[in-house]
Amino acid sequence: MVELTPQLLGLQLVTGIALGAIYALLAVGLSLIFGMLTVVNFAHGAFFMVGAFLGIYFQTLTGSFALSLVITPLVVGSVGMLSERFLVRPLYGRGIDYPLLLTFGLSYVLIELMRVLFGIEGLPSSTPAVLRGSVDLGIGRFPLYRLVLIGATAAVVLGLWLVIEKTRFGLIIRAGSRDPEIVRVLGVDVAKVWLLVFGLGTAIAGLSGVLAAPTRAVNPEMGITVLAESFVVTVVGGMGSLMGAVVAGLLVGVVFSMTSLLAPEFAELSIFVLMALVLLVRPQGLFGKAGLMG
Amino acid sequence: MNELRGPITPVMAPRLTPLLTLISRHRVVSVLLFLLVFPWLMPYEALAVNILIFGLYAVGFNLLFGYTGMLSFGHAAFLGVGSYLTGMSIVHAHLNWLLAIAIGVGAAGLVGALMGHLAIRTRGIYFSMVTLALGQIVYYGFYKAERWTGGENGLRGVTVPAFELAGWTIDFTNPVTKYYIILGFVAIALGLVSRILASPFGAVIEAIRENEKRAAACGYDVARSKLLVFVLSATICGLAGSLRALHLSVVPIDSLHYLQSGQAVMMCLLGGMGTFFGPFVGAAVFLYLEDVVTTLTRHWMAVVGTIFMVFILFFPRGIWGSLIARWERATTPSAQT
């Protein structure tokens, strides 16, 4: 048994926040798509996985992690937009279960596609050379890359917040998530906005895949567990709330990493139990029904 | 969505052709007559047993999804709990196989009550996400309890020794014997489901599917009905799991994973949700295709994913549901165009 010093707990807390940053990004993408289109993207984990694969692929191709961070989300987002345009769009107005089921089928195809392209074993992943090493946080040394994860997530969330709150496009997103009918009457091409939002959500999933790749095993099945975990985050935070997605993502990350320190065998279970508790006390989630950004 | 699931229930189809009317009226007998000869239509008996078990699993799932309109992604929990508890009763406690089945089914019902209690607090898409996540609790629970469940390797050695029954020697290693024993249990379950659907309670759950608020306004206790149908559905899936443990003589850990829940969804939709025969048709097509396709290519997931998407986009009624719809159209030309 390791002795539990405040330093150790502190470091584990930062580890949890770094893990939670990935969860938060995933849930932000899910929430964005849901808030606008009322579609739960069951292929979100698969888009995350595709992001991790393409991230490594573009990194070896261009030799630059930064470049891959830009290219991969664009490619994944394009795949997302194609799926919205040709697979999800015909299903609008047919009931909420159908888009959900369709994306579930899509996730199967994406998983198999990566197996065909990159093999069933997956790809070796490593931290880019510049971001290796560790930083002294005052309570002990901490891997630099995990701090980068936290910073990158903060930047994405801040950028997204600015887009949603300060731009005309964001205004349409906010209005559209309240009442798409009125927005259409006002002359906005809602279908185009939906396409872009779906693309944006899947691009964020792809980005979180690139970012997460150096911290975990990259294989075609990696998105399967991630999907379940990002659902936990979304349910804890409240559907359609970006604020909730971020807070719940960090909370779930911290709960996971603290349990893996104190009672490792219950680590995976702990986050699902957290969700069950939230459901008992507050079925709508911590920030549920508070609007898209509230 | 309502019009998609509307008049495809066999009970209320007086306009159908006489043969279909006959099948509809005696739906349990019809499906059993078909299942009696089914093993001889399949390339090998083990596939027939598999289809029988997964057909029952899809029937249990259909009760919740097709008839009540609640899309659960956590039904693997019931299949798995049924399998594991039956298996553990035989492997660790050396219990009689009938008792072991009863324990498996009871445990699945109990887990259904617990999960249902939490899950029915949510509705719509939320319900799907919550059932998926609650199902994963069960998955990780059994995964970690390695001492009793075998963890990642699954539970091995679920075997029933041959025994005498009314002068007959029953040996589970004989696939044909096994098929007909399992068919006996499936017959009981189908009779039960048919009875539920024909009862006033069956009408209530369909009313909830069509319009939950209106059902509540009519004075029905929606929450209680939802919980009850959830538990019933879990129990039937638990029975399918129990039988599967006896069939495979191992319990793979994957039987608890949410992808296994997804299989129930796929089978149900492929066959036709909200129809009595649909789930069996779906299970048969799914497993037969899997059997054929996996000998041709390694990329079964891409094939099944594509087929599933095509069905959602173009044939949301499923195979059996579309057939019924076509029959209906043919017999009532005035209703069309």
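Taken together, the values in this text are just the output of simple stated rules run on the coordinates, not laboratory data. This is a predicted model, so every value here is computed, not measured. So basically every Cβ, Gly included, is an ideal-geometry build from the backbone, and we count neighbours across all protein chains shown.
Quick notes on this structure:
- For chain B: relative contact order, % (alpha-carbon pairs under 8 angstrom, 6 or more apart): 32
- For A:V218, the residues whose amide H sits under 5 Å from its own are A:L123, A:S125, ignoring neighbours fewer than 5 places away on the same chain, with H placed 1.01 Å from N.
- Gap separating the Cα centres of segment A:228-251 and segment B:113-152, nearest whole Å: 18
- Counted as membrane-span-like here are DSSP H helices of chain B whose alpha-carbon atoms extend 24 Å or more along the helix's own axis and whose Kyte-Doolittle mean is 1.6 or above; these are B:45-65, B:97-119, B:175-198.
- Positive dipole terminus of the protein assembly as shown, leading residue within A:L280, A:I96, A:A46 (C-beta point charges): A:I96
- Under a 5 Å amide H cut-off, with hydrogens placed 1.01 Å from N, A:S134 pairs with A:L144 among residues at least 5 apart or on other chains.
- DSSP H segments from chain A that extend 24 Å or more along their own axis, Cα-based, with Kyte-Doolittle mean of 1.6 or above: A:6-37, A:65-83, A:144-166, A:190-212, A:242-262
- Close amide H pairs (under 5 Å, H built 1.01 Å from N) link A:G238 with A:L286, A:F287, residues at least 5 positions away or on another chain.
- Segment A:113-186-segment A:25-67 distance, computed between alpha-carbon centres (Å): 9
- Contact order normalised by residue count of segment A:1-103, Cα under 8 Å, 6+ apart, percent: 24
- Top of B:H299, B:H94, B:H75 by mean-square fluctuation, Gaussian network on chain B, Cα under 10 Å: B:H299
- Charge dipole (segment B:222-326, unit charges on Cβ, about Cα centre) - positive-most of B:S255, B:Y288, B:F276: B:F276
- The mean count of C-beta atoms from other chains within 10 Å of the C-beta of residues in B:309-315, rounded to a whole number, is 5.
- Here is how the number arises for chain B: DSSP H runs of 4 or more residues each give -39500 (n - 2.57), the sum is divided by the residue count, and the result at 222 nm is -23000 deg cm²/dmol.
- Dividing the summed -39500 (n - 2.57) terms of all DSSP H runs of n ≥ 4 by the residue count of chain A sets its mean residue ellipticity at 222 nm at -24000 deg cm²/dmol.
- When +1 charges are put on Lys and Arg Cβ atoms and -1 charges on Asp and Glu Cβ atoms, the dipole computed for the protein assembly as shown relative to its Cα centre reaches about 1300 debye.
- Listed by chain and number, the aspartates and glutamates whose C-alpha is less than 17 Å from the C-alpha of A:K192, apart from same-chain residues fewer than 8 away, are A:E84, A:D179, A:E181.
- Positive minus negative residues near B:V158 (Lys, Arg vs Asp, Glu; Cβ under 14 Å): +3
- Listed residues A:I111, A:I71, A:I96, most fluctuating in chain A (Gaussian network, C-alpha, under 10 Å): A:I96
- Peptide B:117-123 has a mean shielding of 3, counted as Cβ atoms of other protein chains within 10 Å of each residue's Cβ.
- Sequence-distant lysines (8 or more away, or on other chains) whose Cα lies within less than 21 Å of B:K226: B:K213
- Summary of the geometry: segment A:73-94 and segment A:265-284, compared by the centres of their Cα atoms, lie 32 Å apart.
- Chain B - charge dipole about Cα centre, Lys and Arg +1 at Cβ, Asp and Glu -1, debye rounded to 20: 740
- Under a Gaussian network description of chain B, with springs only between Cα atoms under 10 Å, the residue in B:V204, B:V310, B:V49 that fluctuates furthest is B:V310.
- About its Cα centre, the dipole of segment A:1-144 is roughly 280 debye, where the only charges are +1 on Lys and Arg Cβ and -1 on Asp and Glu Cβ.
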